[in-house]
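The values are calculated or read from the model by the stated rules, or taken from the named source; none is laboratory data. Please read these numbers as outputs of a predicted model, since none were measured by experiment. As a convention, Cβ positions derive from the backbone with ideal geometry for all residues, glycine included, and neighbour counts pool all protein chains shown.
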Amino acid sequence: MLVKSLRKHIHKEQFQPSFIGIFINPFYFARKGLYIHIHSLAHLINGKILDVGCGQKPYEYLFNATNYVGLEIDTPENHLYKKADYFYDGQTFPFPDCSFDGIICNQVLEHVFTPDTFLLEVNRVLKGEGVFLLTVPFIWDEHEQPYDYARYSSFGLRYLLEKHGFEILENRKSMADIRAIFQLIAGFIYKKTLTKSNTINLLITIILISPFNILGEFASWLLPQNDDLYLDNVILAKKVA
C-alpha cells in the first residue's frame with residue numbers, strides 16, 4: 001500500500017510539481033511552467049472539451065467540463081498506455097463539425113508533420129467562437145524520435161493560427177528566464193543517464209539533477225527575464241465565427 005501510494009505521488013509530481021518536484025522531477029521547470037499556465041487559463045474553457053493527444057489526461061481535473069474527451073493516434077501502444085476515448089488515423093478527427101466548446105492540445109503540434117491539415121481539423125470540430133488552448137515547445141531536444149518534426153516561435157504559431165481561422169487571445173512564453181537553460185542541462189543529464197529501472201532513475205534525479213533545479217530557481221530570482229529565450233509557447237485562441 002505504501003509503495004503504491006508513493007508511486008502515485010511521484011507520478012503526480014511529474015505533471016503537477018510542488019516543492020518536492022525540485023528533487024524528483026527531471027523536467028521540473030518545463031512541467032511547472034505548463035502547469036501554472038494551464039491552471040490559470042482552465043477556467044476559460046468549459047462545456048464539452050476535446051483533448052487532442054491526451055496521453056494520460058494529466059490536466060483533466062483542472063477543467064470544468066460537461067464531457068472531457070481524449071483523442072489519440074491509432075497505434076497498438078496508444079491503445080495500451082493512453083487514456084484516450086477515441087483513436088484516429090492522424091488526418092481526420094472522428095467527430096462531426098462544431099462538436100466541441102473547447103479544445104486542448106498540449107505538447108502535440110511538434111509531432112504533427114502536416115500542421116495545416118491538423119489545424120483545419122481543430123477548427124472544423126470546434127464550435128463558433130470556441131476556445132483553443134495550445135502548448136508547444138520552443139526550446140527542447142528531439143524527443144519521441146522519429147516523430148519530432150518541428151519547433152515553433154510565437155510568431156510562427158500566430159501566423160499558423162490566424163491562417164486557419166483563429167484569433168489569438170493570449171500568447172504566453174513559459175520559463176522565459178535562466179531556468180530554460182537549467183532545464184536543458186537537467187534534460188541532458190536525464191537522457192544520458194537513463195536506465196530501465198525507475199528506482200535508479202529516481203536516485204539519479206535526486207543526486208545529479210535536483211542540484212540544477214535548485215540552482216535554477218535561485219538564479220531566476222537574481223537574473224532578468226529574456227522573452228526571446230523560453231521553454232514553451234502557451235496560446236489561448238478562439239475560433240473566428
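Per the conditions (1) of a type in the set (D, E, K, R); (2) within 22 Å of Phe132 (Cβ to Cβ); (3) touching a strand residue (DSSP E or B) at 6+ places or on another chain (Cβ under 6 Å), the sole criterion not satisfied by Asp116 is (3). Among the residues of this structure, Asp141 does not count as one that is acidic (Asp, Glu) and over 25 Å from Ser220 (Cβ atoms). Listed by position, the strands (runs of 3 or more DSSP E) contained in segment 9-120 that have at least 1 residues being under 15 Å from the mean Cα position of the chain (by Cα), at pLDDT 95 or above and surrounded by 18 or more Cβ atoms within 10 Å (Cβ to Cβ) are 46-52, 64-73, 100-106.
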